[in-house]
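Below: the structure, in structure tokens.
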2 protein chains.
Amino acid sequence: MTQGEAAPRSTRSRPTMREVAALAGVAIKTVSRVFNGVPTVDPAIVTRVREAADKLGYRPNLTASSLRRGDGRTATIGMLVEDAANPFSAVLTRTVENVARKRGVLVLVGSLDEDPSRERELAQALIDRRVDGLVIVPAGRDQSYLINEQHTGTRMVFVDREAGLLDADAVVSENRQGALTAVNHLLKAGHRRIAYLGDRASIPTAAQRFDGYRHALEVAHIAYDDEIVRHVGSSEEAAIAATEQVLSLPDPPTALFTSQNFVTIGAVRALRAMGLQDTVAQVGFDDFPLADILSPGISVIAQDVEQVGRTAAEMLFHRLDGDESPTRTVTVPTRLIERGSGEIPAEGPCHD
Amino acid sequence: MTQGEAAPRSTRSRPTMREVAALAGVAIKTVSRVFNGVPTVDPAIVTRVREAADKLGYRPNLTASSLRRGDGRTATIGMLVEDAANPFSAVLTRTVENVARKRGVLVLVGSLDEDPSRERELAQALIDRRVDGLVIVPAGRDQSYLINEQHTGTRMVFVDREAGLLDADAVVSENRQGALTAVNHLLKAGHRRIAYLGDRASIPTAAQRFDGYRHALEVAHIAYDDEIVRHVGSSEEAAIAATEQVLSLPDPPTALFTSQNFVTIGAVRALRAMGLQDTVAQVGFDDFPLADILSPGISVIAQDVEQVGRTAAEMLFHRLDGDESPTRTVTVPTRLIERGSGEIPAEGPCHD
DNA sequence: CGACGCTGAGACAACGTTGACTGGGCGAGA
DNA sequence: TCTCGCCCAGTCAACGTTGTCTCAGCGTCG
């Protein structure tokens with residue numbers, strides 16, 4: 001079965017419009033018209049071109065197309081999240097993808113790991129690929145490096161945190177109000193000594209939640225005590241340690257407000273390890289899978305991540321459709337889910 | 001403050017090499033050389049060009065560059081997973097991203113939702129953007145539509161499931177062996193009546209796990225009984241219903257092997273709802289967060305998702321680096337994690 | 001019956017960049 | 001002194017596609 005083809009099994013080069021045109025016996029431009037659905041092409045020629053294209057396995061080159069065509073659109077957007085593997089980012093990515101899909105737009109994803117320099121690098125990498133727009137959960141506090149890109153037509157929406165030193169659209173969760181609700185809920189159960197365990201205060205969302213915590217205490221005329229306040233970062237281990245420390249104080253808290261996912265889970269672990277899960281109340285910020293199945297179930301302030309992602313994507317595409325209205329920040333509400341841990345009453349005498 | 005600029009605040013067009021060249025007083029080609037780090041450029045000119053570029057906010061256009069340059073590389077790969085929001089896919093995406101990052105390669109992500117037609121569409125969309133390579137968790141059983149692309153140089157690696165009707169690299173978990181281990185573990189605890197609850201049998205991984213289940217029973221000389229076998233799909237609700245049904249049989253199983261994540265969680269819920277979590281043993285396939293914190297902890301066969309993703313990405317990049325060796329399938333081992341639920345002994349008399 | 005408009009297809013240049021080649025200036029060796 | 005070759009920057013065309021323009025063919029109307 002010796003054939004003429006002596007090629008080493010591998011790489012032909014990919015067929016182009018030129019070859020399709022040659023095979024169909026038409027001009028390149030006509031092939032272009034066919035693939036762009038221009039109606040003024042003889043149906044007979046259309047089928048001839050399509051057949052030639054199928055035979056050759058031709059696929060249009062979108063990068064060449066976007067280079068030449070007027071709007072320069074690549075039908076691709078960039079998405080920068082904290083970590084593609086964590087549930088918040090993953091859900092966000094998926095909802096943005098869902099909105100993009102309806103428009104034939106694909107999503108480039110990058111993880112920042114809370115590193116501002118990585119944010120810049122990846123944003124640049126996306127811009128170098130001429131994405132039509134960006135959805136960013138910013139790691140740094142200064143996005144002014146994007147001013148140029150904004151002026152040259154790259155649309156962008158910030159998520160979870162607003163942009164710093166840049167006038168841009170944003171979609172955020174109701175962080176301060178959510179935290180307030182959480183702490184008020186614990187106050188209602190009679191708690192007067194409520195610990196705050198959260199992410200580093202340098203992270204804007206954490207700062208806002210902390211602010212809500214302080215405000216709730218203030219309104220309730222409870223003195224702020226930084227002995228029972230820990231900004232631990234977002235690792236479970238650190239949260240476990242902090243929880244143990246706080247509960248080992250001479251005057252330990254009777255309730256915990258844990259303001260971030262991994263911190264919440266760390267605290268859950270620590271409470272169970274100490275056998276205090278039915279004694280010390282807890283409300284966490286951000287829901288997590290199986291929170292309902294533990295005993296007690298973990299009460300949380302749930303963010304509507306899907307809503308956040310969907311809104312952000314829709315805002316971005318509106319901008320791409322030509323919306324030139326002033327930038328705005330949309331706040332998505334949170335809601336309290338009572339599951340048991342947040343409803344544990346305060347023990348001991350009431351001090352008022 | 002009336003200025004000459006009457007422009008409506010918005011969209012300048014993005015500067016090109018031409019403009020940088022004009023401002024720096026050099027030829028376009030020299031700008032190109034500077035940005036490609038060609039060493040034979042006068043250092044004085046290099047700084048002149050860089051300054052001009054900075055002043056204009058110039059950023060190279062990678063799509064134009066990849067169109068012109070010889071290898072046609074876009075420094076972008078495509079990744080098709082089942083659902084970017086689920087933990088398995090999310091971790092996979094992240095590990096692939098990590099390997100890609102080291103090479104300055106970005107990742108386009110798409111979710112297939114187990115829909116073969118969507119797999120084709122998205123694969124085509126990625127190819128139209130001329131990605132350098134593809135990492136695919138296939139939804140369908142026939143990937144022959146990719147043969148052309150394979151021959152024209154698009155590299156691809158399949159993950160979690162092998163490609164159908166296509167000779168391609170793959171990285172899979174040890175499904176059959178893992179299931180075997182799970183069932184053997186339950187047998188060792190004295191169980192003779194072990195239910196199988198898993199995803200639809202049309203999904204290759206589910207079929208392999210089911211195969212492992214049957215094989216383990218066979219070796220142990222236990223008759224197969226399809227009364228206690230349910231292929232329920234991957235929804236928690238369906239798994240809950242199936243678990244309840246199976247346990248309501250006249251001769252209910254004393255142990256469950258749940259062969260997929262959501263099925264495992266559904267069964268956990270059902271067992272708790274029925275108060276049987278300390279009576280009926282369970283081993284699940286695939287680990288999940290908080291499995292250790294439940295009581296009893298849920299014993300699982302854990303897949304090494306990071307290892308799977310890393311291996312796949314590395315294989316892809318080896319191919320891109322010119323590796324032309326025969327295609328191969330790498331199997332990544334699983335491991336049993338004992339946490340309590342799988343070690344609950346069988347009640348009642350032993351039948352042998 | 002000739003000018004006119006319309007329909008459908010091709011020619012040409014250009015998008016922003018880089019590969020291949022060219023050419024001027026200058027030092028070294030014959 | 002002249003040539004050779006090297007160094008560095010420039011010119012030109014091309015990557016695959018599409019916007020603009022042109023043009024052939026044909027039916028219509030005054």
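Every number in this text was worked out from the coordinates using simple rules, so none of it is lab data. Since we're looking at a predicted model, the values are computed, not measured. Please note: Cβ atoms are built from the backbone with ideal geometry, for glycine as well, and neighbour counts cover all protein chains shown.
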Charge sum, other residues only, whose C-beta stays under 15 Å from A:Asp304's C-beta, Lys/Arg counted +1 and Asp/Glu -1: -3
Estimated FRET transfer efficiency when R0 is 25 angstrom, pair A:Thr152-A:Ser13 (beta carbons, to 0.05): 0.15
Positive minus negative residues near A:Glu82 (Lys, Arg vs Asp, Glu; Cβ under 9 Å): -4
Selected from B:Ala195, B:Ala220, B:Ala312 as most flexible by GNM, with chain B as the system and alpha-carbon contacts under 10 Å: B:Ala220
Gain on full stretching of the segment that runs from B:Ser235 to B:Asp115 - 0.36 nm per residue minus C-alpha separation: 41.6 nm
The range B:281-352-the range A:94-118 distance, computed between alpha-carbon centres (Å): 28 Å
Shape call, the range B:169-308: gyration tensor on alpha carbons, a/c limit 1.5: rounded
Residues A:Arg120, A:Arg18 arranged by fewest to most Cβ contacts within 10 Å: A:Arg18, A:Arg120
Tensor-based shape of the range B:133-232 (alpha-carbon gyration tensor, a/c under 1.5 rounded, otherwise prolate or oblate): prolate
Residues of type lysines that A:Lys29 reaches as a straight line, Cα spacing below 28 Å, ignoring anything fewer than 8 places off in the same chain: A:Lys55
Antiparallel bridge percentage (DSSP; both residues within chain A; nearest 5): 10 percent
Peptide A:85-97 - average C-beta neighbours from other chains (10 Å radius): 5
Mean separation of Cα contacts under 8 Å, 6 or more apart, over the residue count of chain B: relative contact order %: 15 percent
Choice from B:Leu67, B:Leu180, B:Leu166 showing the highest fluctuation, given a GNM over chain B with Cα pairs closer than 10 Å: B:Leu67
Radius 14 Å from Cβ of B:Arg200, net charge of other residues (Lys, Arg +1; Asp, Glu -1): -1
Long-range amide H partners of B:Ala170 with built H, under 5 Å: B:Phe158, B:Arg328, B:Thr329, B:Val330
Kyte-Doolittle mean at least -1.0, axial Cα span of 15 Å or more - DSSP H helices of chain A: A:43-56, A:87-101, A:116-128, A:175-188, A:204-219, A:236-247, A:261-273, A:305-320
Residue among A:Ala179, A:Ala206, A:Ala291 with the largest mean-square fluctuation in a Gaussian network model of chain A, springs linking Cα atoms under 10 Å: A:Ala291
For B:149-155, mean number of other protein chain Cβ atoms within 10 Å: 4
Mean ellipticity per residue at 222 nm, deg cm²/dmol - from DSSP H runs of n ≥ 4 across chain B, formula -39500 (n - 2.57): -12500 deg cm²/dmol
Cα gyration tensor shape for the protein assembly as shown, rounded if a/c is under 1.5, else prolate or oblate: oblate
Antiparallel bridges, percent of DSSP beta bridges restricted to the protein assembly as shown (to nearest 5): 10 percent
Average beta carbon contacts from partner chains per residue of B:286-292, 10 Å cutoff: 3
